[in-house]
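Note sheet for the following structure.
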Amino acid sequence: MSRLAACTIHDGVAVVTIDNPPVNALGARLRGDLFAVLSEVVASPEVAAIVLTGSGRNFVAGADISEIGRPPVEPTVTSIIELIEDCERPTIAAINGNALGGGLELAMACHYRVATPEARLGLPEVRLGLLPGAGGTQRLPRLVGAAAALDMIVTGSEIGARKASGIGLVDALSEGDLMREAIALAQARAAENGSHVAVRYREDKIAAAKRDLAGFEAHRDALLSKRRGLRAPQLAALSVGNALTLPFDDALAAERGFFLELASSDESKALRHLFFAEREAAKLDGVTKEAARAVRRVGIVGAGTMGRGIAMAFLNAGMPVALAETDEEALAKAIEAISASYAALVRRGSLSEEEASARRGNLSGSVSYDMFADCDLVIEAVFEDMALKKTIFAALAAATPAGTILATNTSWLDVNEIAAATDRPQDVLGLHFFSPAHVMKLLEIVRGERTSPAALATALKLARRIGKVPVVVGVGYGFVGNRMLAARNAELERLMLEGAMPTQIDRAFRDFGWPMGPFEMTDLAGLDVGWRNRRAHGKTAPVADALCEMGRFGQKTGRGFHLYPDGSRKGVPDPEVEKLIRTMAEEAGIAPRAVSFAEILERTHYPMVNAGAQVVEEGIARRAADIDVVWVNGYGFPAWKGGPMFWARKEGLSRIERFLARQFEATGSEHFRPSPMLPLLAASD
Ligand code: 3H9
C-alpha cells in the first residue's frame with residue numbers, strides 16, 4: 001500500500017508532502033504515515049529544516065469528518081502537532097490550497113507559514129457543530145489577535161491568503177514557485193542559527209487583548225447574539241476567551257473537553273449528516289462530470305420576480321444572461337430593477353462599482369427568442385399555466401439548436417408534459433429555484449422521463465458554478481419540497497378553528513427553530529398568491545379566504561394573519577383576526593380548546609415527514625437524506641436538526657406512525673394516511 005505522506009530532501013531541507021486525495025483529510029491512515037515520516041525526519045541529524053505541504057488543490061481540509069464521534073485512534077492530530085511543535089529546527093508550512101480545520105491547526109504548529117495567493121484558510125468546525133479541537137482556539141489568537149480569531153472561529157468563515165497575510169496568520173505570500181520559496185525560507189531560517197519561537201509561546205497579542213478585555217467581551221457578545229441556542233459557537237467563544245485567562249496547556253485541555261462534548265452532540269451529528277448528504281445529493285448513477293456540456297450564455301423567459309432572481313444568480317457568477325419579456329416596457333422595467341438591486345449593493349458597500357457594472361454589462365434583453373440561438377441553456381420562468389408553458393417550449397425548441405438545454409422553473413407542474421411539447425425531450429428538465437433565487441441555496445433539478453444524462457450532468461455542474469446546492473428529483477406534483485410543504489400546512493386551518501391562534505402557531509414553529517412561522521411566511525409572500533391558486537383549482541381555505549376577501553393580503557397591505565402597524569415588518573396579533581377565527585369556529589360547531597405547542601408540531605410536522613416517506617416510496621426523492629438537503633437549503637428547516645427526515649428518526653418513526661394512524665382513523669384525512677415507507681426509513685441513510 002502506498003504511503004499517504006512522503007519525504008524528499010532538498011539541500012538539507014526535508015519536504016514532507018501529504019497525499020491523501022481528494023482533500024488530504026487527516027484520516028487514521030494518513031495520520032499514521034505522517035507521524036512515521038515526521039518522527040524519522042525530526043530524529044535525522046542531516047535535516048536542517050522541515051517544509052510541510054499538501055499535494056493537489058488542498059493543503060489539508062481538516063480532520064476526516066467521517067471519523068468524528070468515533071473512539072480516537074493513535075496517532076492523533078494532537079500528537080502530530082506536538083511532534084512538529086517540539087522540533088528545534090525551523091518548520092515551515094507551505095500552504096498550497098485549502099488549509100481548513102485540523103489542516104490549519106497543523107500549519108499553526110509550524111514556526112512559519114508561506115501560502116499561494118489562491119490558498120484559503122479557516123477553522124470551519126462550528127459549521128459542523130464542533131470547535132477546533134487540536135489547539136486552534138489557542139494558537140490562532142496568538143497569531144492574529146483575540147478579536148480576529150473570534151471572528152474566524154465563531155463564524156467558521158474562511159479567509160483568502162492575502163487577508164491571512166495582512167492579519168499575521170501567514171508570514172509570506174508566494175507569487176511564484178511555492179516550494180522553491182518555502183525551501184529558500186527554510187534554508188535562510190536554518191542558517192540564522194537562532195531559536196524559533198513556537199506559536200504557543202507567542203504572548204504579545206494575548207497581552208494586547210488582555211488590556212482590552214471589555215472590548216473583547218463586547219465583540220464576543222455581538223457575535224454570539226446572532227447564534228443563540230447553538231452550543232458550538234458558545235463553546236468556541238468560551239475557548240478563545242480561555243486563551244486570555246488560562247495557561248496554554250490548561251486552555252488546551254479545556255478545548256479538548258469541549259470538542260469531545262460537541263462531537264457527541266445532536267447538533268454536530270445533524271450538521272455532519274448534512275455535510276455528506278449535500279455531497280451525495282449532487283451525484284447521480286450513470287451521470288459523470290465529464291458528460292457536462294459547456295454553458296457560456298443563459299437565456300431566461302419571463303422577467304417577473306423569479307426570472308429576475310434567476311438572472312441575478314447567473315450574473316453574480318459572471319455569466320452572460322439574455323432576458324426575454326413579452327413587451328419592451330416589461331423588459332425595460334426588469335432590467336432597471338436588476339440594475340437598481342446592484343446599485344443598492346454598491347451603496348451598502350457590499351459590491352464594488354466595477355463589479356456591479358460588469359454584471360450589468362453581462363445582461364441583455366429582447367422581446368424575441370432569436371437572441372437565444374447562441375444560448376446553451378434557456379430557463380422558462382413564467383407563471384404556472386401548462387398551456388402557456390407548452391407554447392413557450394415549442395417556440396424555444398424551434399429558436400435554439402439541438403443540445404441547448406431547455407429548463408422550466410415550474411414549482412408544481414408535470415415536466416414530462418412540458419417536454420412533450422418539444423421535439424427533443426432529452427434536452428428538457430426542471431430547474432426549480434427558490435425565492436429569492438439569487439439568495440436561496442437550493443436548486444431542485446427535475447429529471448424528466450427522457451432527460452438525457454448529459455443535460456443532467458450540465459445542470460449539476462452549473463448549479464455548483466452559481467453556488468447552489470443541487471438535488472435531483474423526479475416528476476410529481478410539487479416535486480419534493482412543495483409536496484411536503486402542502487402536507488405540513490394541511491392542518492393549519494383546522495388548528496386555528498380548534499383554538500390555536502396564528503401568533504401561537506408561529507411561535508411554536510419559531511421555538512422549533514424555523515426562522516419564521518407559517519403565517520409570518522404567508523404574510524411576507526402575500527395571501528393573494530395562494531388565494532388565486534385555490535380559486536383556480538376549486539379549493540378553499542376558509543380563514544385565509546375570508547382574510548383575502550377583507551383585502552388583508554399580508555405585509556404589503558399592512559394586514560394579513562397579523563397586523564403590521566406603520567409599515568413595520570414585524571407583525572403583532574390582530575384582535576380582528578382572532579375574532580373572525582372564533583366566529584368561524586362557532587359557525588362550524590367547533591368548541592374552542594387550548595392547543596399545546598406539542599400538538600401543533602405533531603399535526604404539522606408529522607404529515608410533512610409522512611409526505612417525505614411517500615416521495616421516497618414513489619421514487620421522486622432518491623433517498624431520505626436528499627429531502628433533508630431540500631428542506632434545509634430551500635425552506636429554512638433548522639440545519640442543526642439535520643432536516644425533517646433526520647429529525648424524524650430522532651423523534652421516533654414508530655411514534656410518528658402511530659400518531660398518523662390514530663389521526664387518520666379519527667379524521668380520514670389523506671395527509672395522515674401513514675406511508676408504508678415510513679418504518680423503512682430507519683434503515684435508509
Ligand atoms: C476538523 O478539522 C476538526 C479538528 O479541529 C479537530 C482535530 C482533532 N473529511 O466538498 P467537495 C470529501 S473538522 C472527510 O465536493 P470541493 C467530500 O465528502 C473538519 N471527507 O470538494 C467529498 O467526498 P466524495 C474541518 C471530506 O473541492 C470530497 O471530499 N474541515 C472532508 O468542492 C470532495 O469534497 C472542514 O469542515 C473532510 N474534512 O471542496 C472542511 N472534506 O467525493 C470540509 C471533504 O466522496 N470540506 N471531504 O463526495 C470542505 O469544505 C470542502 O470539501 C473543500 C473542498 C473546500 C475542502
### Task
Compute the longest continuous run of the chain that contains no exposed chymotrypsin sites (Phe, Trp or Tyr not before Pro); treat a site as exposed when its DSSP state is not H, G, I, E or B and it has at most 14 other Cβ atoms within 10 Å.
1-382
## Note on the structure
the range 295-474 accessible area per residue, 1.4 Å probe, protein heavy atoms, integer Å², reads 40 Å²
### Task
Name the lysines eligible as straight-distance cross-link partners of Lys579: C-alpha to C-alpha under 27 Å, and not fewer than 8 places from it in the same chain.
Lys539, Lys556, Lys570
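Taking R0 as 60 Å, what's the FRET efficiency between Tyr477 and Val73 from their Cβ-Cβ distance, rounded to 0.05?
Details: r = 49 Å, r/R0 = 0.81.
For R0 = 60 Å, the calculated efficiency reads 0.80.
Could you work out the longest stretch of the chain that avoids the GluC sites (Glu not before Pro) located in DSSP loops with at most 15 other Cβ atoms within 10 Å? Walk me through the numbers on the way to the answer.
Working: sites that count: Glu46, Glu88, Glu118, Glu175, Glu203, Glu384, Glu449, Glu618.
The longest such stretch corresponds to 204-383.
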### Task
Report the label-to-label distance for Arg655 and Glu355 in nanometres (one decimal), using points 7 Å from each Cα along the Cα→Cβ vector.
4.5 nm
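Please work out whether the range 501-594 counts as rounded, prolate or oblate from its C-alpha gyration tensor, where a ≥ b ≥ c are the square roots of the eigenvalues and a/c under 1.5 means rounded, while otherwise a/b larger than b/c means prolate and anything else oblate? Spell out each step's value before the answer.
Values: a/c = 1.41, a/b = 1.09, b/c = 1.30.
In terms of gyration-tensor shape, rounded.
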### Query
What spacing in nm lies between the two simple spin-label points modelled at Ala536 and Asp221, each 7 Å away from Cα in the Cβ direction?
5.1 nm
### Query
When the distances between all Cα atoms of the range 590-685 are binned every 5 Å from zero, what whole-number percent does each bin get?
2, 14, 24, 25, 19, 9, 5, 2, 0
#### Entry: Debye intensity ratio I(q)/I(0), log10, the range 529-641, q values 0.16 Å⁻¹ (C-alpha model)
-1.09
#### Entry: For the range 226-283, convex hull volume per residue from C-alpha positions, Å³
104 Å³
## Note on the structure
So Glu449 and Lys283, fully extended at 0.36 nm per residue minus their Cα-Cα distance, gain in nm 58.0 nm
### Task
Kindly state, to the nearest 0.05, the FRET efficiency for Glu665 paired with Ala395, given R0 = 51 Å and r defined as their beta-carbon distance.
0.50
### Summary
In vacuo Debye sum over C-alpha of the range 388-442, base-10 log of normalised intensity I(q)/I(0) at q = 0.20 Å⁻¹, listed in q order, is -0.69
### Query
Taking all protein chains as present, what is the carbon and sulfur share of the accessible area of the chain, in % to the nearest whole number, probe 1.4 Å?
54 percent
### Task
Only helical DSSP H runs with n ≥ 4 go in: add -39500 (n - 2.57) per run for the chain, normalise by residue count and round the 222 nm mean residue ellipticity to 500 deg cm²/dmol.
-15000 deg cm²/dmol
### Task
Just grab the label-to-label distance for Ser596 and Asp423, each label 7 Å out from Cα along the Cβ direction, in nm (one decimal).
6.5 nm
### Query
For Leu213 and Met1, what does the FRET efficiency come to when R0 = 56 Å and r is the distance between their Cβ atoms, rounded to the nearest 0.05?
0.60
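If I take every Cα pair under 8 Å that is 6 or more residues apart in the chain, average their sequence separation and divide by the length, what percent do I get for the relative contact order?
Values: 1281 pairs, mean separation 61.6, N = 685.
9 percent.
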### Summary
Over the range 5-263, the quotient of the Cα radius of gyration and 2.2 N^0.38 Å is 0.95
### Summary
Between the alpha carbon centres of the range 489-540 and the range 52-107 the gap in Å comes to 49 Å
### Accessible area of Asp574 in the full protein assembly, 1.4 Å probe (Å², nearest 10)
10 Å²
#### Entry: Amide H contacts of Ala25 (H built 1.01 Å from N, under 5 Å, at least 5 apart or other chain)
Ala61
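Report the extension gain between Ala387 and Val439 in nm, rounded to one decimal, defined as 0.36 nm multiplied by the number of residues separating them, less their alpha carbon distance.
Working: separation 52, 0.36 × 52 = 18.72 nm, distance 2.97 nm.
Contour length minus Cα-Cα distance gives 15.8 nm.
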### Message
Taking the Cα of Ala253, stepping 7 Å toward and past its beta carbon, and measuring to each backbone N in the range 120-136: which are under 20 Å?
### Response
132-136
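How big is Rg to Rh over the range 406-543, alpha-carbon atoms, Rh as the Kirkwood inverse-mean-distance radius?
Values: Rg = 17.6 Å, Rh = 16.9 Å.
We get a ratio of 1.04 for the range 406-543.
From the cross-link list Lys289/Lys641; Lys163/Lys269; Lys269/Lys650; Lys226/Lys468, which pairs have alpha carbons spaced over 20 Å apart? Walk me through the numbers on the way to the answer.
Numbers: Lys289/Lys641 31 Å; Lys163/Lys269 32 Å; Lys269/Lys650 11 Å; Lys226/Lys468 24 Å.
Distance filter (> 20 Å) returns Lys289/Lys641; Lys163/Lys269; Lys226/Lys468.
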### Message
Charges at C-beta only: +1 for Lys and Arg, -1 for Asp and Glu. How large is the resulting dipole of the chain about its Cα centre, in Debye rounded to 20?
### Response
420 debye
### Task
Any chance you could get the radius of gyration and Dmax over the Cα atoms of the range 349-418, in Å?
15.2, 46
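Past the 52 angstrom mark, what percentage of all C-alpha to C-alpha distances in the chain do you count?
Details: 42006 of 234270 pairs.
Here the long-distance tail beyond 52 Å is 18 percent of all Cα pairs in the chain.
The values are calculated or read from the model by the stated rules, or taken from the named source; none is laboratory data. Computed from a predicted model, the values in this text were never measured in an experiment. No Cβ is skipped: glycine too gets one built from the backbone with ideal geometry, and neighbour counts run over all protein chains shown. In case anyone asks, the SASA skips ligands and DNA or RNA and just uses the protein heavy atoms, side chains included. Shrake-Rupley method; radii C 1.70, N 1.55, O 1.52, S 1.80 Å.
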